[in-house]
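See structure below.
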Amino acid sequence: EIAHALHWVSKASRPLADLGDAAIARAVLDALKLKLDGTAAAAETVRRKRRTLVNALHYAVDLGEFKENPITGIRWKKPKVAGEVDPRVVANPEQARSLLTAVSYVGGYGRARGRRLVGLFACMYYGAFRPAEAVGLTAADLKLPETGWGTALLNRTRPSAGKQWTDSGETHDDRGLKNRPAEEVRLVPIPPQLVAILKRHLDTFGTAEDGRL
């Protein structure tokens, strides 16, 4: 199925060399600003797509398709990314508590799938962890006092990539923190609400063989 899709893309695409034409390269960059329905894409989405395109063309340079990246010389105005979070699209504390309660019912009480997920989503809400950071969290990374704030020492991530895309053949890769050197760690203060949830999680479920929650 993938081979057929790539064959269609190859036959339906214009030659790569066409990107050497500044007008075509600019048209490609302008297309990044749009969603499939023709409406404007979010600024962060545009930046991510442009970064992917630039990286692909750097690879084309490595393969000898271009002497230099044809995109880098194009004058193009990037959309501005908002630095503040829109409170209208973020769950407030009451909504977050309701969502965590609802998650606990997923899969039935006996299987406890939902009750395990409470810890994952609580880390994401109360601690602002990335999902892959929460998945890689171990008991040794946590300092959970009886009262007050605790800390989490983040040093690894376990992003879900699928077995066919990982070197280990497992569903999750084992990596360092995103956009940081491999050995770097990040100390995160965690509020009392998350401390209580994680203590309850550890008391109920313990850890995996490698210490992960």
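The values are calculated or read from the model by the stated rules, or taken from the named source; none is laboratory data. Predicted model, so just to flag it, every value in this text is computed and none were measured. Positions of Cβ are generated from backbone atoms using ideal geometry, with glycine treated the same way; all protein chains shown enter the neighbour counts. Surface accessibility is based on the protein's heavy atoms, side chains included, excluding ligands, DNA and RNA. Shrake-Rupley method; radii C 1.70, N 1.55, O 1.52, S 1.80 Å.
Quick look at the values:
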| item | result |
| --- | --- |
| Top-ranked residue in segment 75-113 [being closer than 30 Å to ARG51 by Cβ and of a type in the set (Gly, Ala, Ser); ranked as surrounded by the most Cβ atoms within 10 Å (Cβ to Cβ)] | ALA91 |
| Test: residue in segment 136-154 that is charged (D, E, K, R), open to solvent by 20 Å² or more (accessible area, probe 1.4 Å), farther than 11 Å from LEU213 by Cβ and touching a Pro at 6+ places or on another chain (Cβ under 9 Å) | no |
| Test: GLU146 is among the acidic types (Asp, Glu), modelled with pLDDT of 90 or more and assigned to a loop (DSSP other than H, G, I, E, B) | yes |
| Scope segment 1-26; condition closer than 15 Å to ILE74 by Cα and exposed (fewer than 11 other Cβ atoms within 10 Å of the Cβ); matching residues | ALA23 |
| Residue that is nearest to ASP21 (Cα to Cα), among those in segment 49-74 that are at pLDDT below 90 and open to solvent by 60 Å² or more (accessible area, probe 1.4 Å) | GLY73 |
| Criterion (aliphatic (A, V, I, L, M) and either in contact with a strand residue (DSSP E or B) (Cβ under 6 Å, 6 or more places away or on another chain) or free of Cβ contacts under 8 Å to residues at least 40 places away in the same chain (or both)) met by exactly one of ALA17, ALA60, ALA25, ALA12 | ALA12 |
| Residue that is farthest from the chain's Cα centre (by Cα), among those in segment 58-92 that are among the hydrophobic types (A, V, I, L, M, F, W, C) and part of a helix (DSSP H, G or I) | VAL61 |
